Every structure is written in C-alpha cells, then in structure tokens.
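Pasting in a structure now, in structure tokens, and then I'll have a few things to ask.
The values are calculated or read from the model by the stated rules, or taken from the named source; none is laboratory data. Only a predicted model underlies this, so the values are computations on that prediction, with no experimental measurement involved. When we count neighbours, we look across all protein chains shown, and the Cβ atoms used for this are built from the backbone with ideal geometry, even at glycine.
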Amino acid sequence: MSGTATAPPTSTGSVKLDAIKQKAEAAATPKKLSGVDLYSRFAFAGAVCCSVTHGALTPVDVVKTRIQLDPVTYNRGLIGGFRQVIQNEGAGALLTGIGPTFAGYFLQGAFKFGGYEFFKQQSISLFGYENASKYRTAVYLGSSACAEFFADIALCPLEATRIRLVSDPGFANGLIGGFSKILRTEGVGAFYSGFGPILFKQIPYTMAKFVVYEKVAEYAYANFFDKSKTSAGMNTVINLGSGLIAGFAAAIISQPADTMLSKINKTKGLPGESTTSRLIKIARELGLRGSFSGIGARLFMVGTLTAGQFAIYGDIKRAIGAVGGVEIAK
C-alpha cells in the first residue's frame, strides 16, 4: 500500500475545491426520505392536488349532480345545465357545496395518495422487489383499493353534506350549517348511509385511476422518453396526459355507483328501511340508461381533475423533496 493518498478521478487537484465541489453535489442530490417524513409529504401533496382540483370543478359537479337527481328538468347536457342553474338560481348556485368539497377531498386526497404510496411499499417489503415489479398491476390494484377504503371513511360525512346542499339549496347555509343539521336531526349514521355506494363507486374508480395512469406513463417512458433525462416540464405534460386517460377510464367504470350515491344522499330513507334495500330500489328505478345520467359532464369533470391531480401531485412532490419511494415500473 502506498503511503501517499491517490486523488479521486474527479479531483480538481485542490483539496479546498474538491470540498466545495462535494458540498455542491450533495446539495444538488435530493435527500432520500423514509417513514413518516416521506409519507406525510406524499399525503400533503395528495391532499392539495385533490382539494384544489375538486374545489375548482365545483360548478361542474353541481350541474352533474342536478342532471343525476332530476334528469327530466336538467335534460340539456352540460352547457345547457349551466344555463338552467344560473337562470333559475343565480350564478352563486354553481358554488353550492364548495366548503364540504374542499374539506372532504383534502382529507380523502391525503389518505388516497399517501396510502397508495404506503401500501405499495408494504407490498414490495412483503413480496420482494422482483415479485412486486413482475406483478406490479396487482400491486397497483391492491394498494389503491386499500388506500381508498380508508380515504372513504374520511370523505363520506362531507360528501353526504355536499350532496344534501346541492340537491336542496335551502337545506342549510354552507358546510358547518349543513353538517350540524344532519348530525342534529338524523344522527351520525346519516353521514354513512352512502358508505356502501361510495365504496362501490370510489374503490373501482381509484383502482382504474392509478392502474391506467401507471400503465400509460410507463408506456410513454418506455417508448418515447428517457425518464432520467426528461425535463420537469415534460414530466408534468406526461402526468397530465396519463391522468386524462386514467380519468376517462375511472369515470366510466364508476358512473353507475356515482348516480346511486347522489340518489341515496338526496333524502332520508323510510323508517326501518335498510341501506341495502334502498340501493336495490334505486337501481331498479334507474335502470342501465338512468345509471349513466350525467356521464358527459362527469367525463369532462373527472378527466380534467384527474389530469390536474397527477400533474400537481408530481410537481408538489418535487418541490417538497418527497423522494425515496420505490419505483417498480419497468
């Protein structure tokens, strides 16, 4: 062994310059995070992307819900529905339910995106990286389903409040008033009368959303882009495009349950009537065609918000240093 240390191949020849260079490289390389520090950032990014997109699309959601609940009156499509609401109730009616929408999807987004990343990592730890990568579609499906289950527990009371406010504008004045009135007059159970439909709607929706997004993004990077060299701006564009396609798929799959959820939350059930019997009755009344009422408005809404969610989610993760999650896409 030589008694003289050999400078590294990338050395500048100066100890001081080498030290400065190493500090600069360390600062430029994002710190790998793990545990609560990592998943709390995923949750925050998910909370922001879902609350912002759903909140911004509240007017579309108002019209979509009106079409679902009263298709005889609101039978002129999305644009016609906007005109009808404004003509009958004023432009302010288009923001009905924005409070519970923002609050509900802030909570749901945190559980959905944070939970998806968490359960994906647990699958990798349980089955090993190679198996998780080989069967990644199953990992995506299982992780998104588990995440959405817990997200819906948080979302359901606020979604019930939102639907009641939209379907009956005179019911209460905003989130606090509507939430309090339901709690006072109908009890806690009323908040979860639509829990079955919301699971039936949201779990397939979220499974389709994440799987289609992952597959489209994977295809784009495998065939058109080098992920290691793709700019931040192009990554955002890829997230938007993948999210748009994922949103269309998710909207079609979950539309019947979305219509049933709107119906069951519109009014109270009859004394002694179970949620299951109410759902069966609503399904019979709707039929296949009726269950797809408002699909045009919902395709526009879900496609737009899903594209926005994945774009915002990716940008926020980069901004707050949420790196460290394991990537299993090839």
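Could you tell me whether TYR135 is more than 22 Å from LYS181 (Cβ to Cβ), under 19 Å from the mean Cα position of the chain (by Cα) and among the hydroxyl-bearing types (Ser, Thr, Tyr)?
Taking the combined requirement at face value, the residue does not satisfy it.
Condition first: polar (S, T, N, Q) and within 11 Å of the chain's Cα centre (by Cα). Now tell me which residues in the range 88-116 satisfy that. Can you show your working first?
Applying the first criterion (polar (S, T, N, Q)) to the range 88-116 yields 88, 96, 101, 108.
Selection gives GLN108 alone.
Counting just the residues of the range 104-131 that are of a type in the set (Gly, Ala, Ser), at pLDDT 85 or above and surrounded by 15 or more Cβ atoms within 10 Å (Cβ to Cβ), which one comes out farthest from TYR313 (Cα to Cα)?
In this case the residue turns out to be SER123.
Which helices (runs of 4 or more DSSP H) does the range 1-70 wholly contain that include 2 or more residues that are closer than 17 Å to ILE320 by Cα and modelled with pLDDT under 85?
Ranges flagged: 15-28, 35-56.
Residue-wise test of (1) modelled with pLDDT under 80; (2) surrounded by 17 or more Cβ atoms within 10 Å (Cβ to Cβ); (3) outside any helix (DSSP H, G or I).
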site	(1), (2), (3)
GLN255	yes, yes, no
LEU279	yes, yes, no
GLU285	yes, no, no
ALA297	yes, yes, no
THR304	no, yes, no
ALA311	no, yes, no
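While we're on this one: Tell me the residue from TYR205, TYR135 that is more than 23 Å from ASP70 (Cα to Cα), of a type outside the set (Val, Ile, Thr) and surrounded by fewer than 17 Cβ atoms within 10 Å (Cβ to Cβ), please.
Unique residue meeting the criteria: TYR135.
Also, quick follow-up: Suppose we keep only residues that are out of contact with any Gly (no Cβ under 8 Å at 6 or more places or on another chain) and among the charged types (D, E, K, R) within the range 138-171. Which one would you say is surrounded by the fewest Cβ atoms within 10 Å (Cβ to Cβ)?
ASP168
Which residues, taken from the range 136-184, are within 10 Å of GLY97 (Cβ to Cβ) and not charged (D, E, K, R)? Show your work before the answer.
Initial filter on the range 136-184 (within 10 Å of GLY97 (Cβ to Cβ)): 158-159, 161-167, 169, 174-175, 178.
LEU158, THR161, ILE163, LEU165, VAL166, SER167, PRO169, GLY174, LEU175, GLY178 - these are the residues of the range 136-184 that are within 10 Å of GLY97 (Cβ to Cβ) and not charged (D, E, K, R).
Need a quick list: helices (runs of 4 or more DSSP H) entirely within the range 91-173 having at least 2 residues that are of a type in the set (A, V, I, L, M) and out of contact with any Asp or Glu (no Cβ under 9 Å at 6 or more places or on another chain).
In the range 91-173, the matching helices (runs of 4 or more DSSP H) lie at 98-127, 136-167.
Just give me the residues in the range 151-204 being of a type in the set (D, E, K, R) and in contact with a Leu (Cβ under 8 Å, 6 or more places away or on another chain), in sequence order.
Residues of the range 151-204 of a type in the set (D, E, K, R): 152, 159, 162, 164, 168, 181, 184, 186, 201.
Answer for the range 151-204, where residues must be of a type in the set (D, E, K, R) and in contact with a Leu (Cβ under 8 Å, 6 or more places away or on another chain): ASP152, GLU159, LYS201.
For SER143, all conditions in the list (1) hydroxyl-bearing (Ser, Thr, Tyr); (2) touching a Lys or Arg at 6+ places or on another chain (Cβ under 7 Å); (3) over 30 Å from VAL36 (Cβ atoms) hold save one; what is the number of the exception?
Failing condition for SER143: (3).
Please tell me if ILE203 is in contact with a helix residue (DSSP H, G or I) (Cβ under 9 Å, 6 or more places away or on another chain), closer than 18 Å to THR101 by Cβ, part of a helix (DSSP H, G or I) and among the aliphatic types (A, V, I, L, M).
no
Continuing with the same structure: Looking at the range 187-194, can you tell me whether even one residue there is under 22 Å from ALA246 (Cβ atoms) and of a type in the set (Val, Ile, Thr)?
No.
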